[in-house]
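To keep things clear, I will list the structure first and then write my remarks on it.
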Amino acid sequence: MGNYWLHITYGEKEQRDETHRMKRQAVKEQLVNRGYDGAFVETEWIKGRQ
């Protein structure tokens, strides 16, 4: 039964990660449309994680 729960937990994490990537991409597109440089947005997100 342990492997079953591990699989579910891993699958849920993968789904959350994919949702996060999609939301992040949508925000980046909005910022680029408003005139921000895409590389600048990425750099600032990297700074924010540190």
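Where a number appears in this text, it was derived from the coordinates with a stated rule and is not lab data. This structure is a prediction, so every number in the text was calculated from the model and none was measured. In this analysis, Cβ positions are derived from the backbone assuming ideal geometry, glycine residues included, and neighbour counts consider all displayed protein chains.
Numbers for the structure displayed
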quantity	calculated
Total formal charge among the other residues, if their Cβ is under 10 angstrom from that of TRP45, Lys/Arg +1 and Asp/Glu -1	+2
Square roots of 5 times each gyration tensor eigenvalue, C-alpha, the range 9-50, largest first, Å	24, 13, 5
Estimated distance in nm for a label pair at ARG49 and TYR36, the labels positioned 7 Å out from Cα along Cα-to-Cβ	1.6
Gain in span if fully extended, LYS23 to THR9, counting 0.36 nm per residue against the direct Cα distance	2.9 nm
